[in-house]
């Protein structure tokens, strides 16, 4: 199937990305 | 020995690889020369790394655009994947630059990278935000203006995601109509 991500899941990564 | 979950080190892959383009209106150059590819990404983490690094749309000067398109599709009507297509167009008034522009554009990006339109996401080519003095515009571009089922599904989901009230409508216009229009408005093929 498609790799679908809902908005809350995506938003959860916004500032995590900067830490890695 | 400590076992580290793959969740902590594997990036989350997106369904598609996306390209972010920037257009800056320099009248001494051709339209194509003003269009620059900024970067490509195909994971949730790399999307945010790019988004967090660039200016918000509301900080751009008039005449600039951001475009996010699937890898291999250029952000222009002439591209093979766009030429029979059209766009769901959101026109913003001047006050909305402060109130809605950045929020709407981010929501648009999340709809695209998250494949929010279910099976009809395959019809999506990309999205564009135009910063203009007379009023900013945001649009989702799709591949085929005859695909009523896909276009109306995408339009309904998009309108809901932007939080546009039921009593307001948004319109879908074919690129061929936009390119050949004589006045300032293009007729809508679909409305939701």
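Read-outs throughout are calculated quantities, based only on the coordinates presented, and are distinct from any laboratory measurement. This structure is a prediction, so every number in the text was calculated from the model and none was measured. Cβ placement follows ideal geometry from the backbone for every residue including glycine, while neighbour counts extend to all protein chains displayed.
Which whole-number percentage describes the relative contact order of chain B, with Cα contacts under 8 Å and a sequence gap of 6 or more?
Values: 324 pairs, mean separation 41.2, N = 192.
This gives 21 percent for chain B.
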Span from the region B:145-192 Cα centroid across to the region B:1-40 one, whole angstrom: 27
Helix-only estimate, please: 222 nm mean residue ellipticity of chain B, summing -39500 (n - 2.57) across DSSP H runs of length 4 or more and dividing by its residues, to the nearest 500. -6500 deg cm²/dmol
What's the angle, to the nearest 10 degrees (0 to 90), between helix B:102-113's Cα axis and the longest principal axis of chain B? 60
In degrees, nearest 10, range 0 to 90: what is the angle between the Cα axis of helix B:148-162 and the longest Cα principal axis of chain B? 70
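Enter the mean number of other protein chain beta carbons within 10 Å of the beta carbon of each residue in A:4-16, as an integer.
On the way: counts 8, 10, 3, 7, 1, 4, 12, 3, 1, 8, 8, 2, 3.
So the per-residue partner count for this stretch is 5.
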Using only Cα atoms and rounding to the nearest 10 degrees, what angle (0 to 90) does helix B:44-53 make with the longest principal axis of chain B? 60
Estimated inter-spin distance, residue A:6 and residue B:26, nm [label 7 Å along Cα→Cβ]: 4.5
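Once the piece of chain linking residue B:52 and residue B:93 is laid out straight, how much longer is it, given 0.36 nm per residue of separation minus the C-alpha distance between them? Each step should come with its number before you reach the end.
Numbers: separation 41, 0.36 × 41 = 14.76 nm, distance 2.56 nm.
The span from residue B:52 to residue B:93 would gain 12.2 nm if fully extended.
Which FRET efficiency value, to the nearest 0.05, do you get for residue B:11 and residue B:181 by plugging their Cβ-Cβ distance into 1/(1 + (r/R0)^6) with R0 = 41 Å? Spell out each step's value before the answer.
Numbers: r = 43 Å, r/R0 = 1.05.
According to the calculation, E is roughly 0.45.
Is there a simple number for the mean count of other chain Cβ atoms within 10 Å of the Cβ of residues in B:109-116, and what is it?
Working: counts 1, 7, 2, 0, 3, 8, 5, 5.
Averaged over the peptide's residues, the number is 4.
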